[in-house]
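Engineer: Mind looking over this structure? Questions follow.
The values are calculated or read from the model by the stated rules, or taken from the named source; none is laboratory data. Note that the structure is a prediction, hence the values are computed from the model and not measured. Glycine gets a Cβ as well: all are built from the backbone with ideal geometry, and neighbour counts include every protein chain shown.
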Amino acid sequence: MPHETAARLRGFGTTIFAEMTALATEAGAINLGQGFPDEDGPREILEAASEALLAGPNQYTPGRGTPELRAAVVAHAARWYGRELDPDTQVQVTVGATEGIAAALLGVCEPGDAVVTFEPYYDSYAAGIAMSGGVRRTVALRPPSFGLDVEALRAAVRGDAVGGRSARRGDGAGPARVLVLNSPHNPTGKVFTRAELEAIAEVCREHDLVAICDEVYEHLAFDGEHVPLATLPGMAERTLTVSSAGKTFALTGWKVGWVTGPPALVTAVATAKQFLTFSGHGPLQHAVARALALDDAYFSVARDRLRTRRDRLCDGLEAAGLTTLRPEGGYFAIGDVASIGEDDGAAFCRALPARCGVVGVPVSVFCDDPDLGRTLVRFAYCKREDVIDEAASRLAGLRG
Ligand SMILES: Cc1ncc(COP(=O)(O)O)c(C=O)c1O
């Protein structure tokens, strides 16, 4: 029998990020493909981690996470969103948001459960749904506004396109059981409005869905207000909220994340998580507890600095002739290469490193429908200003 990847994971081979990073290295290009900052987070937090490493303990933490980090997650939720959580039953610390999302899906999905998400979507959702035996269903967010189409959401949740009305839940064709939402959203930079979230919450309540809400960019909403789905009426009892230290504190390599929600759902996450990694990064959990307690100024300065970088990159993309969909939050901006006569974003991205020494990622890789983001390209602006300026001046070469 051939030794090969299990069928449910085929198609999740080498990611476009690996391909683009290899191209970037080969061409000495500026890598705006992947969303990691090129400056590390606050010095005092790095020092806290270093002290914790030397002071120890460097042993397994409790499975749910260190008491101090769970207490910090609870205090953070109370301070920013007025949420009241129990640190013992409503918090699970994870190895990044990625593990939190995977553990949430593994913990709540029965094989054949339909899971609805919006496309374009962050790539780990599709893999997490596949690993948990779920069946993915997507609702398009269409450019240029990426607005919510509530009727399309309702149809996807019911499973209209796959005969859902007559089918049973759990056979892949019936009504959905889980919804995965991400706001602020990668790759579009959309921040779902309160009205959109209320409409989504209504659908969740109507269909008794479990919502998994990825809020890793919660502190990086520039133009709109970030509203956690769990704070809307009737949502706390059905929502797992996932976040991590990576984006907020520019510490993406630390991979310290957390999931909060009602005790029964957090137990489902914990049950899966204990057999994925059990625990992780004890000394870093100590430092992240300190980071979550930083004063308000840290959060607003980090957001405002990123907003300036967003504007710098968007101005550069526009000067290069790309129509830009200015993001409301997160790490990424989208340029439409149709405006410079290109009709295929993936081919454009493959040629871009050699053409002008910059790397971007085609939005089509985040889509099930290849036409949805065909001419859109995602660029990261979580980079130093001089790097953004250099990328912008190289992109200016696109004008010929
Ligand atoms: C929307 C979204 N969710 C989750 C993650 C992963 O978070 P972590 O690095 O904490 O696993 C990312 C990273 O790019 C992301 O953009």
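Engineer: Output the residue which, of all residues in region 336-373 that are touching a Leu at 6+ places or on another chain (Cβ under 7 Å) and more than 17 Å from PHE17 (Cβ to Cβ), is surrounded by the most Cβ atoms within 10 Å (Cβ to Cβ).
Structural biologist: VAL337
Engineer: Right, here's the next one. Pairs please, first residue from region 116-129 and touching a residue at least 12 places away in the same chain (Cβ under 8 Å) and under 19 Å from VAL269 (Cβ atoms), second anywhere and assigned to a helix (DSSP H, G or I) and within 11 Å of the ligand (Cβ to nearest atom), Cβ atoms under 6 Å, 6+ apart in sequence or on different chains.
Structural biologist: THR117/TYR125; SER124/THR98; SER124/ILE101; GLY128/ILE101; GLY128/ALA102
Engineer: With the condition kept exactly as written, say whether any residue in region 114-122 is outside any strand (DSSP E or B), within 13 Å of the ligand (Cβ to nearest atom) and out of contact with any Pro (no Cβ under 7 Å at 6 or more places or on another chain).
Structural biologist: Yes, region 114-122 contains at least one residue that is outside any strand (DSSP E or B), within 13 Å of the ligand (Cβ to nearest atom) and out of contact with any Pro (no Cβ under 7 Å at 6 or more places or on another chain).
Engineer: Those residues that are crowded, with 19+ Cβ neighbours inside 10 Å, part of a loop (DSSP other than H, G, I, E, B) and small (Gly, Ala, Ser), I need them from region 40-71; list them, please.
Structural biologist: Of everything in region 40-71, those that are crowded, with 19+ Cβ neighbours inside 10 Å, part of a loop (DSSP other than H, G, I, E, B) and small (Gly, Ala, Ser) turn out to be GLY41, GLY65.
Engineer: Scanning region 254-279 for residues that are surrounded by fewer than 21 Cβ atoms within 10 Å (Cβ to Cβ) and not in a helix (DSSP H, G or I), which turns out farthest from the ligand (Cβ to nearest atom)?
Structural biologist: PRO262
Engineer: Give just the number: which of (1) within 30 Å of LEU322 (Cβ to Cβ); (2) of a type in the set (Val, Ile, Thr); (3) within 13 Å of the ligand (Cβ to nearest atom) does VAL288 not satisfy?
Structural biologist: For VAL288, the exception is condition (1).
Engineer: Are any residues in region 327-349 part of a helix (DSSP H, G or I), farther than 13 Å from PRO143 by Cβ and not aliphatic (A, V, I, L, M), and if so, which ones?
Structural biologist: Once the filter is applied, which keeps residues that are part of a helix (DSSP H, G or I), farther than 13 Å from PRO143 by Cβ and not aliphatic (A, V, I, L, M), region 327-349 yields PHE348, CYS349.
Engineer: Cβ contacts < 6 Å: first residue outside the structural domain of ALA236 (by TED's automatic domain parsing), restricted to region 75-103; second residue among the hydrophobic types (A, V, I, L, M, F, W, C) and surrounded by fewer than 24 Cβ atoms within 10 Å (Cβ to Cβ), any location; separation 6+ or different chain. Result?
Structural biologist: From region 75-103, no pairs qualify.
Engineer: Okay, moving on. Mind listing just one residue for me: the one in region 9-34 that is at pLDDT 90 or above and more than 18 Å from CYS367 (Cα to Cα) and, of those, surrounded by the fewest Cβ atoms within 10 Å (Cβ to Cβ)?
Structural biologist: Within region 9-34, the match that is surrounded by the fewest Cβ atoms within 10 Å (Cβ to Cβ) is GLY28.
Engineer: Exactly one condition in (1) assigned to a helix (DSSP H, G or I); (2) in contact with a helix residue (DSSP H, G or I) (Cβ under 8 Å, 6 or more places away or on another chain); (3) within 16 Å of the ligand (Cβ to nearest atom); (4) not polar (S, T, N, Q) is not met by LEU313; state its number.
Structural biologist: Unmet for LEU313, out of (1) assigned to a helix (DSSP H, G or I); (2) in contact with a helix residue (DSSP H, G or I) (Cβ under 8 Å, 6 or more places away or on another chain); (3) within 16 Å of the ligand (Cβ to nearest atom); (4) not polar (S, T, N, Q): (3).
Engineer: Of everything in region 95-113, what is touching a strand residue (DSSP E or B) at 6+ places or on another chain (Cβ under 8 Å) and within 16 Å of the ligand (Cβ to nearest atom)? Give them in sequence order.
Structural biologist: If the condition is that a residue be touching a strand residue (DSSP E or B) at 6+ places or on another chain (Cβ under 8 Å) and within 16 Å of the ligand (Cβ to nearest atom), then VAL95, GLY96, ALA97, THR98, GLU99, GLY100, ILE101, ALA103, ALA104, LEU105 are the ones that fit.
Engineer: Is it the case that some residue within region 78-88 is part of a strand (DSSP E or B) and of a type in the set (Gly, Ala, Ser)?
Structural biologist: No: region 78-88 contains no residue that is part of a strand (DSSP E or B) and of a type in the set (Gly, Ala, Ser).
Engineer: Here's another thing I want to ask about it. If SER145 meets every condition in (1) away from the ligand (no atom under 16 Å from the Cβ); (2) in contact (Cβ under 8 Å) with a residue 12 or more places away in the chain; (3) assigned to a loop (DSSP other than H, G, I, E, B) apart from one, which number is that one?
Structural biologist: If we test SER145 against (1) away from the ligand (no atom under 16 Å from the Cβ); (2) in contact (Cβ under 8 Å) with a residue 12 or more places away in the chain; (3) assigned to a loop (DSSP other than H, G, I, E, B), just (2) comes out false.
Engineer: Test each condition in (1) surrounded by fewer than 19 Cβ atoms within 10 Å (Cβ to Cβ); (2) modelled with pLDDT of 95 or more; (3) of a type outside the set (Phe, Trp, Tyr) for THR188 and report the one that comes out false.
Structural biologist: (1)
Engineer: Further question: Mind checking which pairs have a first residue in region 316-343 that is under 29 Å from HIS219 (Cα atoms) and a second that is surrounded by fewer than 24 Cβ atoms within 10 Å (Cβ to Cβ) and of a type in the set (Phe, Trp, Tyr), Cβ under 8 Å, 6 or more apart or different chains?
Structural biologist: Hits for this filter: LEU325/PHE146; PRO327/PHE222; GLU328/PHE222; GLY329/PHE222.
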